[in-house]
Amino acid sequence: MDLEPLWKEYKENGSVAARNKLLAEYTPLVRYTAQRMAINLPKSVQLGDLIGVGVMGLIKAVESFDATREVKFETYATHKIRGAILDDLREQDWVPRSIRQKSKMLKNAYVELEKKMGRTPYDNEVAEYLNLEPSEFEELLGDIAPTTIVSLNEVIFTGEGAEAREVSLIDTIEDKDAENPLDRLSLEETKKILAEALLALPENERQIIALYHYEELTLKEIGIAMNLTESRISQIHSKAMLKLKAKLQLKM
């Protein structure tokens, strides 16, 4: 179906009928995106809730889409749908407090050791710092996996004082139009810091970050591609996200 006439009718004339037809046409994209995201979430998170929030993301995508930017609507809409779902998950704070405490403990360990050593600590050094056996350290990484699902959508602050503004980590490595030169400069600095942090990760950790957050593969699919179990991929992903957050905390 050629949707160009509908887009033209909606964007040029503000036709509600055209808008509703576009939403109906792209609604399956919401279900598809929500289903793939649900695979990596606890069973307590209901698919119907994800779809409901995702629809709001689709509405925003249709209303704000600019066809002159030469970006496929499906790509743009998927980002908006995922963003809406991730924002809602973060706001609901669906991760148990005990898991968040473990995650905070681990992140603080990475921060303190990197501050002391001037480099990213090795697994055995973090385990020793926390008085854990290697097997206990690996188990802990698995336990905190839920806290890293939305990590690149977590809010950080750029700038200081009156110039401070909120951005998400994912926004710092996407092409977005900054509102003014100061915002642009702040985002560029954050982008540089995050890029350096990503490059400092071992190759397998960088690959998992890329496949999960940018190629949007599930942990199971990544495991198949890398010939590792899903639980092992989850542990490596958790470790990589902790390292990134520790580096960002030290440099911002």
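Quick notes on this one:
- Residue list for segment 1-44, restricted to those being under 30 Å from S234 (Cα atoms) and modelled with pLDDT under 90: R36, M37, A38, I39, N40, L41, P42, K43, S44
- Residue within segment 77-87 that is touching a Pro at 6+ places or on another chain (Cβ under 8 Å), of a type in the set (D, E, K, R) and either modelled with pLDDT of 90 or more or closer than 19 Å to L244 by Cβ (or both) present: no
- Under the condition of being farther than 26 Å from K115 by Cα and polar (S, T, N, Q), the residues counted in segment 195-233 number 4.
- Residue within segment 172-180 that is of a type in the set (K, R), at pLDDT below 90 and over 26 Å from E215 (Cβ atoms) present: no
- Filtered by the rule that a residue be assigned to a helix (DSSP H, G or I), hydroxyl-bearing (S, T, Y) and surrounded by fewer than 17 Cβ atoms within 10 Å (Cβ to Cβ), segment 202-252 gives Y214, S231.
- Unmet criterion (only one of (1) more than 18 Å from the chain's Cα centre (by Cα); (2) assigned to a helix (DSSP H, G or I); (3) modelled with pLDDT of 90 or more) for D183: (3)
- First in segment 57-86 and under 20 Å from E215 (Cα atoms), second anywhere and at pLDDT 90 or above and not in a helix (DSSP H, G or I), Cβ under 6 Å, 6 or more apart: F73/F65; Y76/F65
- Any pair with Cβ under 7 angstrom, 6 or more apart, that starts in segment 10-26 at a residue that is free of Cβ contacts under 8 Å to residues at least 40 places away in the same chain and ends at one that is surrounded by 13 or more Cβ atoms within 10 Å (Cβ to Cβ) and not in a helix (DSSP H, G or I): E25/L3
The values are calculated or read from the model by the stated rules, or taken from the named source; none is laboratory data. Keep in mind that what you see is a predicted model, and the values were worked out from it rather than measured. In this analysis, Cβ positions are derived from the backbone assuming ideal geometry, glycine residues included, and neighbour counts consider all displayed protein chains.
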